[in-house]
């Protein structure tokens with residue numbers, strides 16, 4: 001039986017193209033007229049479950065950046081930057097990558113080691129029973145930003161905020177005065193050499209009086 005003449009033209013067929021890639025680097029802006037779809041099991045990570053001895057060192061990519069001619073180090077980490085990191089009652093101590101602001105002679109070099117712009121987003125899914133601690137990767141890497149506090153009952157609009165003008169290099173949420181109840185969110189974005197921008201909302205029990213979550217390690 002002969003197929004119709006137009007049976008194999010592109011307007012009659014639906015194509016499914018699967019392209020499996022490791023890391024793709026663009027040196028210029030990427031434009032999409034239909035948006036970008038980010039979904040799949042590796043886009044959200046249970047950060048508390050990934051703890052090793054109560055701690056986890058965060059990474060940007062599954063493969064560490066390296067200078068030209070140096071074989072990249074393959075890490076055991078799935079890469080955490082740009083993903084949704086969830087935290088449960090057991091909290092944990094998370095260490096951000098050390099900021100590298102090295103300027104490459106070739107700004108389009110895909111192997112440059114600069115990690116400016118990396119972002120880590122945390123969402124607390126259960127009231128903390130163990131502290132949630134977020135440390136910068138180096139003592140000199142400091143935090144700029146505000147933690148807004150709100151009580152978990154929404155009864156009287158109890159609220160407050162604490163601000164770091166580039167002096168703190170750690171955050172601690174204890175589930176009481178420093179907040180960390182379910183619904184708390186923390187976003188850390190690298191905005192420059194030794195500089196993290198913080199955007200956070202910390203939910204605390206109504207019976208508690210908010211206390212600063214900022215700490216300066218020495």
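Against the criterion of being surrounded by 17 or more Cβ atoms within 10 Å (Cβ to Cβ), in a loop (DSSP other than H, G, I, E, B) and either at pLDDT 95 or above or on the phi > 0 side of the Ramachandran plot (or both), residue 168 qualifies.
Among the residues of region 178-193, at least one is more than 17 Å from the chain's Cα centre (by Cα), more than 11 Å from residue 149 (Cα to Cα) and modelled with pLDDT of 95 or more. Taken across region 144-161, residues that are within 15 Å of residue 194 (Cα to Cα), modelled with pLDDT of 95 or more and part of a loop (DSSP other than H, G, I, E, B) do not occur at all. Taken over region 194-211, the criterion of being surrounded by fewer than 16 Cβ atoms within 10 Å (Cβ to Cβ) and modelled with pLDDT of 95 or more is satisfied by 197, 199. Checking each residue of region 59-74 against the condition of being within 29 Å of residue 174 (Cβ to Cβ), surrounded by fewer than 18 Cβ atoms within 10 Å (Cβ to Cβ), modelled with pLDDT under 90 and out of contact with any helix residue (DSSP H, G or I) (no Cβ under 7 Å at 6 or more places or on another chain) gives no match. Within region 41-62, no residue that is free of Cβ contacts under 8 Å to residues at least 12 places away in the same chain and at positive phi sits with its Cβ atom under 6 Å from a residue that is surrounded by 13 or more Cβ atoms within 10 Å (Cβ to Cβ) and in a strand (DSSP E or B) at 6+ positions apart or across chains.
Going by what's in this entry, would residue 91 be described as surrounded by 14 or more Cβ atoms within 10 Å (Cβ to Cβ), modelled with pLDDT of 80 or more, out of contact with any helix residue (DSSP H, G or I) (no Cβ under 6 Å at 6 or more places or on another chain) and at positive phi? Yes; evaluated as a whole, the condition is true for this residue.
The values are calculated or read from the model by the stated rules, or taken from the named source; none is laboratory data. On a predicted model such as this, the values are computed, not experimentally measured, just so you know. Please note: Cβ atoms are built from the backbone with ideal geometry, for glycine as well, and neighbour counts cover all protein chains shown.
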